[in-house]
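Student: Please read through the structure below; I'll follow up with questions.
Bear in mind these aren't lab numbers, they're just calculated from the coordinates by the rules spelled out. These numbers were taken from a predicted model, which means no experiment stands behind them. So basically every Cβ, Gly included, is an ideal-geometry build from the backbone, and we count neighbours across all protein chains shown.
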Amino acid sequence: MVDVPRSADVVIVGGGVHGASLAYHLARKKAGRVVLIEKKFIASGPTGRSTALVRRFYAMDFFTRTASAAADMFAHWKDVIGGDGDPGFQKVGLLALAGADKATHLRHNALQAQKLGAGVTLISPADVKTLVPAANVDDVALASYEADSGYADPSSTANALVNRARELGATIVQYRHVDAIRAAGDKVVGVTSEGIGIDAPVVVNCAGLWADRLLRPLGIEVSIRPERHLMCFFRRPRGFDVHPAVADTVLMTYMRPEHGDLTIHGKLSYDEIVDPDHYNEGVDPDQIVTNAELIAQRFPVMEHGLAMGGYSGLYDATPDHHPVLGAIPEYTGLFADFGWSGHGFKHSPAIGDILSDVILHGRAKDYDLAAFRWTRFREHDLVPSARWTAEPHPKHRL
C-alpha cells in the first residue's frame, strides 16, 4: 500500500479515466506533488463499464475538437503518451445512421465537423450497404462515416494513464475514501481521507457519481442522477464478420464489435435511476430480448445469432447530460471534471490536457469552458444536445 501523503500541490479525487488523464498531464507538466485518490481501484466505477467508443464527430464544436484531439492520441498512443501502457484501440470505423426526419440535421452537423477537420464523411444508404452488406437500410436516409474511429479498452486506458503519471512522479492512492473537501473561507486547503488530512491548495473533483456529495457541504449543489445502462453481448452467426461501430439514431441504439465474433449492443437512452453503491450490475432478461429484436431489425442475419448475456453500468447524468468542467470560482483552488453522462471516455485524454492548463495557468489555449460551469443549472442556461442528429443551436458553435 502507498503511504498517504499529508500534503500535496494538487489532489485529484477519483480514479476513473478523467482523473487518470488529469494526473498524467499534470505530472507531465511538472505541476509539483500530484496525488490521485481512488476509493476502490483504478477504473472500478463507470469507466470500467464503458463501451469505450472513440469517435470524432459531435454537433457541438467543442466536443468535436476534444473528441478529435483525443482520437488522435488513441491512434498514436506510444508516440504521444509513451510508457508501456496500451489503451487497446481498435480502428473499426463508426457509422451514424439517420432517418428521413433527422437527415438534414445530420448533414448540417457533419459538414460543420468537417470544417473542424473531424474526419467524417456523409454516405448514402447504398454506401452503408456496401460497407456492411448485412445491414438493413430501408429506414436509413443518410449516414455519416468515420473511417479512423473505433473503440478502446476502458480499464487499460485508465491504467495506462495512471501508470504513466506514476512514472512521471505522481502518487496514486487506491482503496481509500475521500470524506470531504476542506476549505478555509473561500479557499480550498485540502481534503480529509478516512480521518487523515491532506493539505493542498488545489483539489479537483473527478468523483463522477459521487461528485455531488463532496460539493454539497460547500454549498455547491449539482444534481447527479445515477442512470443505469445495459449492454448485451450477441454472438454473430458464421459469415457476419467484424463490422463498424454503429450509432443508430433511427432505432436509438448503438453497438460495436468485441473480440472474436461478439457484438455489444445497447440502447442510446435509459431512465432507470439507482443507488450507485448498490445496483444490479447484470443485465435484465427482458432487455436481452428487446436488444435482440433491435439488433435483428438493423442486421436481419442476427436472427441466427446467439445472446451471450451482458452487463450494466452507470452514467453520472447532469440535468443537460453534459459535464461540469473547470474552476468552481466560489472557492479558489477548486476544480471539477465530472457529469459526462455517458459520453466522457472518448474525450478524456484531451480533457486532462485542457483542464491541467486551466489549473496551472488560469486558462486553456483555444478552449473556453464557460459553457460547462456548474451555475448554468440554476441559471437555466443549459447546454443543448450535441448528438449526431441534434437540431442546430447557437451554442453548438462554442
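Student: May I ask which residue of Pro319, His347, Ile288 lies farthest towards the positive end of the charge dipole of the chain, with charges of +1 (Lys, Arg) and -1 (Asp, Glu) on Cβ and the Cα centre as origin?
Tutor: His347
Student: Cross-link partners among aspartates and glutamates for Lys365, C-alpha distance below 14 Å, same-chain residues fewer than 8 apart left out?
Tutor: Asp353, Asp357
Student: Once you charge only the Cβ atoms, +1 for Lys and Arg and -1 for Asp and Glu, what is the size of the charge dipole of the chain about its Cα centre, to the nearest 20 debye?
Tutor: I would put it at about 840 debye.
Student: Also, I was wondering about something else. Classify region 208-254 as rounded, prolate or oblate, taking a ≥ b ≥ c as the square roots of the eigenvalues of its Cα gyration tensor: rounded when a/c is under 1.5, otherwise prolate if a/b is larger than b/c and oblate if not.
Tutor: In terms of gyration-tensor shape, prolate.
Student: Next question. For region 101-143 and region 346-398, what is the separation of their C-alpha centers, rounded to whole Å?
Tutor: Using only Cα atoms, the two centres lie 26 Å from each other.
Student: Give the shape of region 57-102 as rounded, prolate or oblate, defined through the alpha-carbon gyration tensor: a ≥ b ≥ c are the square roots of its eigenvalues, a/c under 1.5 means rounded, and otherwise the shape is prolate if a/b is larger than b/c and oblate if not.
Tutor: Because a/c hits 1.5 or more and a/b fails to exceed b/c, region 57-102 counts as oblate.
Student: Towards the positive end of the charge dipole of the chain, with charges on Cβ (+1 Lys, Arg; -1 Asp, Glu), say which of Ile81, His380, Val274 has the farthest Cα.
Tutor: The listed residue farthest towards the positive side: Ile81.
Student: Moving on. Just check region 1-58 against the gyration tensor rule for me: Cα atoms, a ≥ b ≥ c as the square roots of the eigenvalues, rounded for a/c under 1.5, and otherwise prolate or oblate depending on whether a/b exceeds b/c.
Tutor: Here region 1-58 falls in the oblate category.
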